[in-house]
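Asker: Below is a structure I'd like to ask you about.
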Amino acid sequence: MEYVTFIFTVLFGLCLCLSNIEGAKILAIFPFPGPSQYILVQPYLKTLAARGHNVTVINAFPQKEPIQNFRDIPVLEVFEDYDNIVNSVQTELNKWQEFNFYTEFFESISLRVLNNKAVQKLINSDEEKFDLVIVETVRTEILYGFAQHFGAPLIGFSSFGTDVEMDEYVGNVSPISYVPSTMSDLTTQMNFMQRLKNFLIVGLQYLHTYTVHLPRQKVLYNQYFPHAKVSLETQRKNFSLMLLNQHFSLSFPRPYVPNMIQVGGLHISHKPSPLPIDIADFINGAENGVIYFSMGSNIKSEKLPKETIDIFLKTFASLPQRVLWKFEAEKLPGKPDNVFISKWFPQPDILAHPKVKLFITHGGLLSTMEAIYYAKPIIGIPNFFDQFLNVANAVKSGYALDVDINTISIASFGAKIKKILSNKIYTEKIKKISRQYHDQPIKPIDAAIYWTEYVLRHEGANHMRVAGQDLNFMEVHSLDVIGVLIFVSAVGLWVIYWFMSKILGFIFTSNAIKHKKE
């Protein structure tokens, strides 16, 4: 089977080479200050450049060394107050407040991009032309205006899969009876109360989108693209392709329209790089294995409450395993000898090491994918957005345990670590899921490149669009039809009632007159 897959991959790679079109000019917009999003998309963009396309990228992480066919437009302004913003979302927010936060956060990023001098020069240049625009599709509809401004097809790239808004972009339908909201901690198997909760969350997101988010985006769209030929409502449903950082083996099977392509894990290299000497020595010297602990790129471990840090330290000190902890400060008072701290770790390369037995993570999608790729069980400590959903799905799938950071204790945290390390079922389950993920006919990065160039070859590939892209919410779900049927039925029942009451009234009146005469 592996031999057949190898041959198929080689042939597909050859097809990619033969089908490569003449170098296109591509504008990519990935300005988010969280490194994980750019780590995900960077191999994809670099591969497009390596294949001869001229790629211009608006981003917050410019290359340190020049790359052929690759031009950076840095927007470092997006880092202003970023840490404070991330810390603020960790406070208790209800769902409406959470939606408000994301609207304001992504609006702030969009404005900093559009007000950047180099970006303004790009927009106002009469010489700049692009054949394709690629954007991160996370509540930044105003940035989709670049596609209509340059008259180019639009490709969306989602770092976490899809949600109700992205579904609307391409006319997809996510049955809320078994597709949990990305803003929830639900799984596909929901009882009535959970389905009710999912229904309310999805409904609230729709309500917020159309009453708060879109009206604000529309004002900005008209301000920054005053000569736009199409409205924001039209432009947000004008995607040629949607690349999803997801795969059914990583989450669950669900419906996708033809122009939604799953490319989950395209950033992961099949061949790990050698580890730095100090990290390699620390891991290789661990007789009882290693635990890797990282809260991701947005949550800083050094910013956690002192009480929480003390719980981690005391728990790790009691373990026979060694611990690699992504900790952003130079020093960590009270650090036990079995703990190695660093501001940065080559995470995929560490997870690939056979001595690493457990991954303690915030539950971000990239981290979850890397855990599956390298078959490492996890303990999830989610904080915000889709992390709760990812961890809940991992627990349901049987390769993870979850921890509530607000109620964590030395006893409960230590017990869960020991439970996973001492019970082979978690490792066996993640190995099974890892095999399922790896069993794909082509690599995710090759699929992403193929379909991107497919859109270029077929001038936007409009033949992949479903008719639902041209319908509104009422029409997609036939609510207008149902409404008319209910109205017609009500009128019909009223007419029948009126008619019968007249007949019965006439009969009773005639009988009464007859009896009176008698």
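The values are calculated or read from the model by the stated rules, or taken from the named source; none is laboratory data. Just so you know, these numbers come straight off a predicted model, no measurement behind them. Every residue, glycine among them, receives a Cβ derived from its backbone with ideal geometry; neighbour counts consider all protein chains shown.
Asker: Is it fair to say residue 160 is outside any strand (DSSP E or B) and touching a residue at least 40 places away in the same chain (Cβ under 8 Å)? Give the steps one after another, and end with the answer.
Answerer: Working: outside any strand (DSSP E or B): yes; touching a residue at least 40 places away in the same chain (Cβ under 8 Å): yes.
Yes.
Listed here are the residues, each with its yes/no results for (1) buried (at least 16 other Cβ atoms within 10 Å of the Cβ); (2) of a type outside the set (A, V, I, L, M).
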position: 100; (1), (2): no, yes
position: 139; (1), (2): yes, yes
position: 146; (1), (2): yes, yes
position: 153; (1), (2): yes, yes
position: 166; (1), (2): yes, no
position: 180; (1), (2): yes, yes
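Asker: Yes or no: residue 245 touching a residue at least 24 places away in the same chain (Cβ under 8 Å) and either closer than 18 Å to residue 388 by Cα or over 17 Å from the mean Cα position of the chain (by Cα) (or both)? Give the derivation first.
Answerer: On the way: touching a residue at least 24 places away in the same chain (Cβ under 8 Å): yes; either closer than 18 Å to residue 388 by Cα or over 17 Å from the mean Cα position of the chain (by Cα) (or both): yes.
Taking the combined requirement at face value, the residue satisfies it.
Asker: Could you grab the pairs with beta carbons closer than 8 Å, sequence gap of 6+ or different chains, first residue in region 374-391 and within 20 Å of residue 308 (Cβ to Cβ) and in the same structural domain as residue 95 (by TED's automatic domain parsing), second one part of a helix (DSSP H, G or I) and small (Gly, Ala, Ser)?
Answerer: No pair meets every condition.
Asker: Just for region 276-303: of the residues that are surrounded by fewer than 18 Cβ atoms within 10 Å (Cβ to Cβ) and assigned to a loop (DSSP other than H, G, I, E, B), which one is modelled with the lowest pLDDT?
Answerer: 300
Asker: Here's another thing I want to ask about it. Which ones in region 345-361 are touching a residue at least 40 places away in the same chain (Cβ under 8 Å), within 23 Å of residue 423 (Cβ to Cβ) and in a loop (DSSP other than H, G, I, E, B)?
Answerer: From region 345-361, those touching a residue at least 40 places away in the same chain (Cβ under 8 Å) are 345-353, 355-361; that's our starting set.
Adding the requirement that they be within 23 Å of residue 423 (Cβ to Cβ) leaves 350-353, 355-361.
Listed by number, the residues that qualify are 352, 353, 355.
Asker: Check region 208-228 and report whether any residue there is under 30 Å from residue 462 (Cβ atoms), out of contact with any Pro (no Cβ under 8 Å at 6 or more places or on another chain) and among the basic types (Lys, Arg). Give the derivation first.
Answerer: First, the residues of region 208-228 that are under 30 Å from residue 462 (Cβ atoms): 209-210, 213-228.
Subset that is out of contact with any Pro (no Cβ under 8 Å at 6 or more places or on another chain): 209-210, 213-228.
From the residues that got through so far, the ones that are among the basic types (Lys, Arg) too are 216, 218.
Scanning region 208-228 turns up at least one residue that is under 30 Å from residue 462 (Cβ atoms), out of contact with any Pro (no Cβ under 8 Å at 6 or more places or on another chain) and among the basic types (Lys, Arg).
Asker: So residue 272 ticks every box in (1) over 26 Å from the mean Cα position of the chain (by Cα); (2) more than 30 Å from residue 81 (Cα to Cα) but one. Which box is left unticked?
Answerer: Checking residue 272 against (1) over 26 Å from the mean Cα position of the chain (by Cα); (2) more than 30 Å from residue 81 (Cα to Cα), the one that fails is (1).
Asker: Residues of region 21-50 being in a helix (DSSP H, G or I) and aromatic (Phe, Trp, Tyr), which ones? Step through it out loud before you land on a result.
Answerer: Taking region 21-50 and keeping what is in a helix (DSSP H, G or I), we get 35-50.
Hits for region 21-50 are 38, 44.
Asker: Another one. If we keep just the residues of region 229-239 that are outside any loop (DSSP other than H, G, I, E, B) and of a type outside the set (A, V, I, L, M, F, W, C), which is farthest from residue 460 (Cα to Cα)?
Answerer: Taking region 229-239 first, the residues outside any loop (DSSP other than H, G, I, E, B) are 232-235, 239.
Subset that is of a type outside the set (A, V, I, L, M, F, W, C): 233-235.
On the way: 233: 19, 234: 16, 235: 14 Å.
For region 229-239, the residue satisfying everything is 233.
Asker: State all residues of region 437-456 that are aliphatic (A, V, I, L, M) and either assigned to a helix (DSSP H, G or I) or over 18 Å from residue 258 (Cβ atoms) (or both); if no residue qualifies, say none.
Answerer: Of all residues in region 437-456, those aliphatic (A, V, I, L, M) come to 442, 445, 447-449, 455-456.
445, 447, 448, 449, 455, 456 - these are the residues of region 437-456 that are aliphatic (A, V, I, L, M) and either assigned to a helix (DSSP H, G or I) or over 18 Å from residue 258 (Cβ atoms) (or both).
Asker: Spot the failing condition for residue 369; the list is (1) within 16 Å of the chain's Cα centre (by Cα); (2) farther than 24 Å from residue 415 by Cβ; (3) modelled with pLDDT under 90, and only one is missed.
Answerer: Of the numbered conditions (1) within 16 Å of the chain's Cα centre (by Cα); (2) farther than 24 Å from residue 415 by Cβ; (3) modelled with pLDDT under 90, the odd one out for residue 369 is (3).
Asker: Could you please find all residues in region 374-385 being at negative phi and either surrounded by fewer than 23 Cβ atoms within 10 Å (Cβ to Cβ) or part of a loop (DSSP other than H, G, I, E, B) (or both)?
Answerer: Of all residues in region 374-385, those at negative phi come to 374, 376-384.
Within region 374-385, 374, 376, 377, 381, 382, 383, 384 meet the criteria.
Yes/no per residue for (1) in the same structural domain as residue 52 (by TED's automatic domain parsing); (2) surrounded by 13 or more Cβ atoms within 10 Å (Cβ to Cβ); (3) of a type in the set (Ser, Thr, Tyr):
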residue: 396; (1), (2), (3): no, yes, no
residue: 402; (1), (2), (3): no, yes, no
residue: 420; (1), (2), (3): no, yes, no
residue: 427; (1), (2), (3): no, yes, yes
residue: 452; (1), (2), (3): yes, yes, yes
residue: 460; (1), (2), (3): yes, yes, no
residue: 464; (1), (2), (3): yes, yes, no
residue: 467; (1), (2), (3): yes, no, no
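Asker: Within the group 72, 81, which residue is at pLDDT 95 or above and not hydrophobic (A, V, I, L, M, F, W, C)?
Answerer: Details: 81 fails: at pLDDT 95 or above.
Just a single option satisfies the conditions, and that option is 72.
Asker: Looking only at region 249-275, count how many residues are assigned to a loop (DSSP other than H, G, I, E, B), of a type in the set (S, T, N, Q) and buried (at least 17 other Cβ atoms within 10 Å of the Cβ).
Answerer: Count: 3.
Asker: Could you list, in sequence order, the residues of region 386-436 that are touching a helix residue (DSSP H, G or I) at 6+ places or on another chain (Cβ under 9 Å) and of a type in the set (Lys, Arg)?
Answerer: 419, 429
Asker: Of all residues in region 121-145, which are touching a residue at least 24 places away in the same chain (Cβ under 8 Å) and farther than 21 Å from residue 219 by Cβ?
Answerer: Our first condition is that a residue be touching a residue at least 24 places away in the same chain (Cβ under 8 Å); within region 121-145, this holds for 122-123, 129-145.
Correct list: 122, 129, 130, 131, 132, 133, 134, 136.
Asker: Separate question: Assigned by TED's automatic domain parsing to the domain that holds residue 213 and under 24 Å from the mean Cα position of the chain (by Cα): which single residue out of 156, 151 fits that description?
Answerer: Working: 151 fails: under 24 Å from the mean Cα position of the chain (by Cα).
Exactly one residue qualifies, and that residue is 156.
Asker: Given the conditions (1) among the polar types (S, T, N, Q); (2) in contact with a Lys or Arg (Cβ under 8 Å, 6 or more places away or on another chain); (3) surrounded by 20 or more Cβ atoms within 10 Å (Cβ to Cβ), which single one is not true for residue 342?
Answerer: (3) is the only condition that residue 342 fails.
Asker: Say whether the condition of being at pLDDT 85 or above, among the charged types (D, E, K, R) and not in a helix (DSSP H, G or I) is met by at least one residue in region 415-430. Don't jump to the end; show me each part of the working.
Answerer: First, the residues of region 415-430 that are at pLDDT 85 or above: 415-430.
Now drop any that are not among the charged types (D, E, K, R), which leaves 416, 418-419, 424, 428-429.
From what's left, not in a helix (DSSP H, G or I): none.
No - not one qualifying residue is present in region 415-430.
Asker: Also, I was wondering about something else. Mind counting the residues in region 163-190 that are outside any loop (DSSP other than H, G, I, E, B), within 16 Å of residue 386 (Cα to Cα) and touching a residue at least 60 places away in the same chain (Cβ under 8 Å)?
Answerer: Within region 163-190, the first condition is being outside any loop (DSSP other than H, G, I, E, B), and the residues that meet it are 164-170.
Checking which are within 16 Å of residue 386 (Cα to Cα) leaves us with 164-166.
This time we only want the ones that are touching a residue at least 60 places away in the same chain (Cβ under 8 Å), so: 166.
Result for region 163-190: 1.
Asker: While we're looking at this one, here's another question. So in region 132-157, with the set limited to residues that are assigned to a loop (DSSP other than H, G, I, E, B) and small (Gly, Ala, Ser), which one is nearest to residue 383 (Cα to Cα)?
Answerer: Taking region 132-157 first, the residues assigned to a loop (DSSP other than H, G, I, E, B) are 137-140, 151-153.
Now drop any that are not small (Gly, Ala, Ser), which leaves 151-152.
Details: 151: 40, 152: 38 Å.
Within region 132-157, the match that is nearest to residue 383 (Cα to Cα) is 152.
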